[in-house]
1. What pairs can you find where one residue is in the stretch 252-276 and closer than 19 Å to THR302 by Cβ and modelled with pLDDT of 95 or more, the other is in a loop (DSSP other than H, G, I, E, B) and among the basic types (Lys, Arg), and their Cβ atoms are less than 7 Å apart, with a gap of 6+ or different chains?
2. Quick check on my filter: what residues within the stretch 147-202 are within 23 Å of GLY260 (Cα to Cα), free of Cβ contacts under 8 Å to residues at least 60 places away in the same chain and among the aromatic types (Phe, Trp, Tyr)?
3. Within the stretch 127-156, how many residues are hydrophobic (A, V, I, L, M, F, W, C) and assigned to a strand (DSSP E or B)?
4. So, in the stretch 285-319, exactly how many residues are in a strand (DSSP E or B), at pLDDT 95 or above and surrounded by 14 or more Cβ atoms within 10 Å (Cβ to Cβ)?
5. Identify, from the list ILE261, ILE237, ILE243, ILE231, the residue that is out of contact with any Asp or Glu (no Cβ under 9 Å at 6 or more places or on another chain) and over 19 Å from PRO314 (Cα atoms).
6. Which ones in the stretch 328-351 are surrounded by 10 or more Cβ atoms within 10 Å (Cβ to Cβ) and under 30 Å from LEU291 (Cα atoms)?
7. When the residues of the stretch 1-30 are filtered to those that are of a type in the set (A, V, I, L, M, F, W, C) and without any contact (Cβ under 8 Å) to a residue 60 or more places away in the chain, which remaining residue is surrounded by the most Cβ atoms within 10 Å (Cβ to Cβ)?
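The values are calculated or read from the model by the stated rules, or taken from the named source; none is laboratory data. All values reported here derive from a predicted model rather than from experimental measurement. Every residue, glycine among them, receives a Cβ derived from its backbone with ideal geometry; neighbour counts consider all protein chains shown.
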Amino acid sequence: MSTTLQHLSDLVGGQIVHGEPSLAITGLNSINQAQQGEITFLGNPRYLPSLKTTQASAALIALDSSVLTEIPETLALIRVENPTLAFSSVIRHFGPPLREGMRGVDASASVSSKAVFDAQKVCIGPCAVIEDDVRIGDGTVIHAGAFVGHGTRIGEDCVLHPNVTIHERCLLGNRVMVHSGCVIGADGFGYELVKDRHLKIDQVGIVQLDDDVEIGACTTIDRARFGRTWIGEGTKIDNLVQIGHNCIIGKHCIIVSQTGISGSTRLGDYVTMGGQVGVAGHLEIASQVMLFAKSGVTKSLTEPGAYTGFPAKPLIEGRRMLALPAKIPDIIERVRELERKLAALEEKTNS
């Protein structure tokens, strides 16, 4: 597929600031891998050196970019407000066509007669299981092998990818996307030690996913012991995340892969957690907190800001704490040198 620089500029609502509008663009790629005929983008200033050497024919840059005097003469430029977001439109233009006409119930699906949905306005794929009293909104797609437990409510335009498990009575809002291998609504990890045995505590609550939530592959969100485990509107959760029972996650949070959040912890809005963050149970994390990768939260964080380390501390303090182990060998050697000098001094004094 080939198009022109002008067409792409119109597509992304940009302005050509360098290059011919008739320039042919045949594809897209990253800055370092792009070849002649392809378009790329500068979404992060750290890649500016790569932009200066890219083999791409064109690039999307920010409105406030100052690279015009430092780029190859052969590189055409389109200015846009947000290069990363604009490049998504370019990807859709060059990408494979969206699958259309996905409507109806596959003959191999097991669908309860008590489930409520319009078969002409949803898609239920091969070998999916839909139990009693499930309600499914228009435009929702449930792919092959997915399981939806009894009494679950699914809103409009949701997507359950293959082999998703949604346990009984869960609530999904509109435009929720759940990727393959997720388990939503499994029992919370609750036991009581009685006479040297771990006795299981009943978990009778639900999981609620609000509008525009996206859950990455193989993530697990446990049902509440009672009440609900609740994921707020617009929150995006990466692959391989564990969220314990009765957690409440605010709106528009970002939770990255291999993070674990223990039960009954509450997050405010716009919280960001890097990869492998660990959070103890029954804590409060304020809105607009950013936790760097591998941070360990052992106490509530009541003030917005960036935190790092174990236990998590405000960024500057946390970085100092993380730097200390690297200084230990030098400190030990200095102590040994002082001990040698002290021993020599004592020997001289005694003699």
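1. Final answer for the pair search is ASP269/LYS251.
2. Once the filter is applied, which keeps residues that are within 23 Å of GLY260 (Cα to Cα), free of Cβ contacts under 8 Å to residues at least 60 places away in the same chain and among the aromatic types (Phe, Trp, Tyr), the stretch 147-202 yields only TYR191.
3. 8
4. The initial filter retains those residues of the stretch 285-319 that are in a strand (DSSP E or B), namely 285, 289-291, 296-297, 301, 305-308, 313-314.
Next, only the ones that are at pLDDT 95 or above stay: 285, 289-291, 296-297, 301, 305-308.
In the following step, the residues that additionally are surrounded by 14 or more Cβ atoms within 10 Å (Cβ to Cβ) were identified as 285, 289-291, 296-297, 301, 306-308.
Looking only at that region, the number is 10.
5. Among ILE261, ILE237, ILE243, ILE231, only ILE261 is out of contact with any Asp or Glu (no Cβ under 9 Å at 6 or more places or on another chain) and over 19 Å from PRO314 (Cα atoms).
6. Here is the first cut: in the stretch 328-351, the ones surrounded by 10 or more Cβ atoms within 10 Å (Cβ to Cβ) are 331-346.
ILE331 - this is the single residue of the stretch 328-351 that is surrounded by 10 or more Cβ atoms within 10 Å (Cβ to Cβ) and under 30 Å from LEU291 (Cα atoms).
7. ILE25
Residues checked against (1) in contact with a Leu (Cβ under 6 Å, 6 or more places away or on another chain); (2) closer than 21 Å to GLY309 by Cβ; (3) assigned to a loop (DSSP other than H, G, I, E, B); (4) in the same structural domain as VAL204 (by TED's automatic domain parsing):
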position: ILE221; (1), (2), (3), (4): no, no, no, yes
position: ARG225; (1), (2), (3), (4): no, no, yes, yes
position: GLY234; (1), (2), (3), (4): no, no, yes, yes
position: ASN239; (1), (2), (3), (4): no, no, yes, yes
position: ASN246; (1), (2), (3), (4): no, no, yes, yes
position: HIS252; (1), (2), (3), (4): no, no, yes, yes
position: TYR270; (1), (2), (3), (4): no, no, yes, yes
position: GLN276; (1), (2), (3), (4): no, yes, yes, yes
position: GLY281; (1), (2), (3), (4): no, yes, yes, yes
